[in-house]
Amino acid sequence: MTLDVEAIRADFPILERRLPNGKRLVYFDNAATSQKPQCVIDAMSEYYEHYNSNAHRANHTLADEATTALEGARDRISSYFGTSPDQMIYTSGATEAINLVAYGWARENLSEGDVVVLTEMEHHADIVPWQQMSVDIGIEVRYVPIDLESYTLDMDAFEVALEGASLVCVVHTSNVLGVRNPVEEIIEKSHAVGARVLIDCAQGAPHERIDFDSLGADFVAISAHKMAGPTGIGCILVRRDAMEEMVPFMTGGSMIKRVTTEGSTFQEGHAMFETGTPRIAEAIGWGAAVEWLEQFDMEEVHGHINDIASWTASQMRGIPGIRIYGDPGRDDSSGAVSFLHESIQSQDLALLLDEGGFAVRTGHHCAQPLMDALGVPSTNRASFWIYNTMEEADSFVQYLQEIVDRFA
Ligand code: PMP
């Protein structure tokens, strides 16, 4: 069965949008955030229109309905990620998820001189918390370089960096290069030396079905907003034994059992790490997004996106002055084409593309160490998802060619 992309597109009202200049929107900024299908928008509106109430607090009907919906979403989302609800902690996104590991696990379990291994292709969300831990508790941070020929991780260097490591934090799929890292091998090798492993799946989860229990990582960070869900929610999946080693880094309402003027006792398990009023509408929206995604075979989705990305990159390589960073033609690459033109500034190029209706991202993509490794301050990035089409890619390549013909 092939994907019915026209039917998929019909689920996304925004794809009908025309820009103020009358151009039809071609949305190629999916690695920044995906669009949301109508069912996600409806699920969130339904909550606000019919049962808006706080969860886990009162006994009235609306509060019951809100609590049931919040926990029902947790059941659905954790099951989608191949695990059970007790191993899932709601966060505001992947950034908070990684910070929770830094402040809730590392600060408690690591000390001066302990080694945390990162890669040069991490998002800032998986760099800065570790730099802070280095200031706070004196951990040593090591970075695994990328091989600039293949744009993949240098696995020999990884083995060297692993020596004596306590924690390894690796992005599943780069939001800049689209490259998927060999996370299974990384997890196996890290566990063999006794290191815990965190995998940042913010970019991977929209492209591949992540099965937490069989993957075997200790921590997996996920964002809803790149996989058809709303902004403001994500989670950290945590193996039970690792969760037992964690302490809360935010305290207050919801996460307590009993508070007196003398002190407080805390809830157990994931409830200890979810402080304050939960993100109820967002969780419900994410649950609806996961239900929507469940109808697709993610391998087919990946194949569709990969076809568009590799075709687009191959056409772009024929446009004089365009250089592509990464190898979108790889089978495991996931729909991000980062590029620059040798004489048209990246910001100017993005504005010219926007005039044609094409939304692409320009900048460092929150991955400045990767930009440093590539030797550029920024790139343009076209990133594709389930609802993009070959026709859109074709019109993009033609428009880019016209820009280059006119301005280069
Ligand atoms: N890691 C990667 C690889 C990402 O692409 C992103 C989002 N661009 C993040 C982390 C941060 O995720 P969030 O927006 O949910 O905080």
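We did not get these values from a lab; they are worked out from the coordinates using the rules stated. Please read these numbers as outputs of a predicted model, since none were measured by experiment. Positions of Cβ are generated from backbone atoms using ideal geometry, with glycine treated the same way; all protein chains shown enter the neighbour counts.
Identify the residue in the stretch 2-32 that is within 16 Å of the ligand (Cβ to nearest atom) and touching a Lys or Arg at 6+ places or on another chain (Cβ under 6 Å) and, among all such residues, is nearest to Arg361 (Cα to Cα).
So the residue we want is Asp29.
Within the stretch 153-181, how many residues turn out to be within 16 Å of the ligand (Cβ to nearest atom) and of a type outside the set (A, V, I, L, M, F, W, C)? Walk me through it before giving the result.
At the first step, the residues of the stretch 153-181 found to be within 16 Å of the ligand (Cβ to nearest atom) are 153, 168-181.
From the residues that got through so far, the ones that are of a type outside the set (A, V, I, L, M, F, W, C) too are 172-175, 178, 180-181.
Going through the stretch 153-181 one residue at a time, the tally reaches 7.
Can you pull out the helices (runs of 4 or more DSSP H) entirely within the stretch 1-108 that have at least 2 residues that are β-branched (Val, Ile, Thr) and without any contact (Cβ under 8 Å) to a residue 24 or more places away in the chain?
Counting at least 2 such residues, we get 61-80.
Does any residue of the stretch 127-137 turn out to be within 16 Å of the ligand (Cβ to nearest atom), in contact with a Gly (Cβ under 9 Å, 6 or more places away or on another chain) and assigned to a helix (DSSP H, G or I)?
Checked the stretch 127-137: no residue is within 16 Å of the ligand (Cβ to nearest atom), in contact with a Gly (Cβ under 9 Å, 6 or more places away or on another chain) and assigned to a helix (DSSP H, G or I).
So in the stretch 183-200, with the set limited to residues that are within 16 Å of the ligand (Cβ to nearest atom) and touching a Leu at 6+ places or on another chain (Cβ under 9 Å), which one is farthest from Val376 (Cα to Cα)?
The extreme case among them is Val197.
Restrict the check to the stretch 60-77 and report whether at least one residue is closer than 30 Å to Ile127 by Cβ and either within 16 Å of the ligand (Cβ to nearest atom) or among the hydroxyl-bearing types (Ser, Thr, Tyr) (or both).
yes
If you take the residues of the stretch 111-124 that are within 15 Å of the ligand (Cβ to nearest atom) and surrounded by fewer than 22 Cβ atoms within 10 Å (Cβ to Cβ), which of them is nearest to the chain's Cα centre (by Cα)? Break it down into steps so the answer makes sense when it comes.
Filtering the stretch 111-124 for residues within 15 Å of the ligand (Cβ to nearest atom) gives 118-124.
Then drop every residue that is not surrounded by fewer than 22 Cβ atoms within 10 Å (Cβ to Cβ), which leaves 120, 124.
Details: Glu120: 17, His124: 12 Å.
My answer is His124.
Of all residues in the stretch 252-276, count the ones that are farther than 13 Å from Leu100 by Cβ and touching a residue at least 12 places away in the same chain (Cβ under 8 Å). Step through it out loud before you land on a result.
Quick first cut of the stretch 252-276, residues farther than 13 Å from Leu100 by Cβ only: 252-254, 256-269, 271, 276.
This time we only want the ones that are touching a residue at least 12 places away in the same chain (Cβ under 8 Å), so: 252-254, 264, 266-267, 269, 271, 276.
So the answer is 9.
Report, by residue number, each residue of the stretch 201-226 that is out of contact with any helix residue (DSSP H, G or I) (no Cβ under 7 Å at 6 or more places or on another chain) and within 15 Å of the ligand (Cβ to nearest atom).
Cys201, Gln203, Gly204, Ala205, Pro206, Ile210, His225, Lys226 - these are the residues of the stretch 201-226 that are out of contact with any helix residue (DSSP H, G or I) (no Cβ under 7 Å at 6 or more places or on another chain) and within 15 Å of the ligand (Cβ to nearest atom).
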